[in-house]
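Every number in this text was worked out from the coordinates using simple rules, so none of it is lab data. Please read these numbers as outputs of a predicted model, since none were measured by experiment. Heads up, the Cβs are rebuilt from the backbone with ideal geometry, glycines too, and the neighbour counts pull from every protein chain shown.
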Amino acid sequence: MKAALEANKPILGVCRGLQLLNVYFGGTLYQDLRLTSSQIKHLQSPTPQEVPTHHISVEKESSLGFLPENYMVNSFHHQVIKDLGQGLQAIAHGNDGLVEAIENKEKHVLAVQWHPECTWETENFDKKIFEIFANGDI
Ligand SMILES: [Mn+2]
């Protein structure tokens, strides 16, 4: 992470990658969702991993602005962002108010709490997350 940032290379974080990035930038985590008041099921097992199960709302003026404002994602996490790291912006939230995506445009950092690598074959918007990364648009 340090080397990529120093080389000004883009970073796409997925799930734990989002959590690591947040901590790297000085943020904190709830180490378990039971420490929050969330009523959303963020561990969707036994629902298959390619099936989106909870809603998020997405900031239009962000790198994920191409997603529908009310989008559905899959969810396999029990930790979640508490305090946001310095210089990071929360750009998507669950209906429980918890952070589902972050970015730092200047540093070319984008991270999502869900797993687009499980859904890209059927969810074109999730596929586009990898496309903007591959095209250097992060
Ligand atoms: Mn989730």
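Output needed for the chain: three equivalent-ellipsoid semi-axes, defined as square roots of 5 times the C-alpha gyration tensor eigenvalues, in descending order, whole Å. Could you put the intermediate results ahead of the total?
Numbers: eigenvalues 93, 69, 34 Å².
So the three semi-axes of the chain are 22, 19, 13 Å.
Within the chain, what's the longest stretch lacking GluC sites (Glu not before Pro) that sit in DSSP loops with no more than 11 other Cβ atoms inside 10 Å?
In short, 1-60.
Would you kindly state the longest site-free stretch of the chain, with sites defined as trypsin sites (Lys or Arg not before Pro) in a DSSP loop (not H, G, I, E, B) surrounded by at most 16 other Cβ atoms within 10 Å?
Result for the longest clean stretch: 1-40.
Work out from phi, with θ = phi - 60° and the Karplus expression 6.51 cos²θ - 1.76 cosθ + 1.60, the ³J(HN,Hα) of each residue of region 116-133, listed in order in whole Hz, and give x for Gly and Pro.
x, 5, 9, 10, 4, 6, 10, 10, 4, 5, 5, 4, 5, 4, 6, 5, 5, 5
Could you tell me the calculated FRET efficiency between LYS105 and THR28, based on Cβ-Cβ distance and R0 = 22 angstrom, to the nearest 0.05? Before the final figure, lay out the partial values.
Numbers: r = 22 Å, r/R0 = 1.02.
The pair LYS105/THR28 has a calculated efficiency of 0.45.
Show that you can apply the helix-only estimate: for the chain, add -39,500 (n - 2.57) for every DSSP H stretch of four or more residues, divide by all residues, and state [θ] at 222 nm to the nearest 500.
Per the formula, -5000 deg cm²/dmol.
Quick one: which residues, 5 or more positions from VAL109 or on another chain, have an amide H under 5 Å from its amide H? H modelled 1.01 Å from N in the peptide plane, none for Pro or chain starts.
Those lying under 5 Å, H to H, from VAL109 are ILE11, ASN104.
Take the residue pairs LYS60/LYS107; LYS105/LYS128; LYS41/LYS107; LYS2/LYS60; LYS107/LYS128 and return only those whose Cα atoms are more than 26 Å apart.
Check vs 26 Å cut-off fails for LYS41/LYS107; LYS2/LYS60.
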